[in-house]
Amino acid sequence: MKNIIIYILGTTVLVGGAFLFLQNKKKQDANKLAELDKLGGTTPSGTTPSGTTSNLSTTSDGVAPSDANLNLANATVLVGKRAGLVSTASKSCLQSFNPVTINPAMGGMFSGSSSNNNTYHLCIASKQGAKEQLVELDKKLAGLGYKVDAIGQLVKI
């Protein structure tokens, strides 16, 4: 019975202390926000200096929620296109390369197909074009407030 009372009192003190700590932290944050606002800084969108959230909140970058949803949808479409460009930019063109060689069996004449070499040059050109398109696509993503990480996942900037 004595231990139960000690546990109940300890839990009450713990919960009460946590409540008081959080209330004090909230007041300190509100004071810091008010101080920053006086210095010319801005509070995060959707919050008032007292720390409460307004009903018409926007995201921290000032984009309305509907615009943020549109940006996310557009960024998702761009990431889908980006995956195809990455595969094109990283493919190997060596399989289409057919070097021109001197063929002794043909009396020292050149052998090799010029059409295969054209295929190689087209492959190189498509890789270069894909790399240039990736740069442009990444600029568009940055304009929407997103980027792609090393494993191809969409990340909010």
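The values are calculated or read from the model by the stated rules, or taken from the named source; none is laboratory data. These numbers come from a predicted model, not from an experiment. All Cβ positions, glycine included, derive from the backbone under ideal geometry; neighbour counts span all protein chains shown.
Report yes if some residue within segment 5-13 is more than 26 Å from the chain's Cα centre (by Cα), assigned to a loop (DSSP other than H, G, I, E, B), surrounded by fewer than 10 Cβ atoms within 10 Å (Cβ to Cβ) and at pLDDT 70 or above; otherwise report no. No - not one qualifying residue is present in segment 5-13.
Restricting the search to segment 130-157, which residues are of a type in the set (A, V, I, L, M) and out of contact with any Leu (no Cβ under 7 Å at 6 or more places or on another chain)?
Within segment 130-157, Val135, Ala142, Leu144, Ala150, Ile151, Leu154, Val155, Ile157 meet the criteria.
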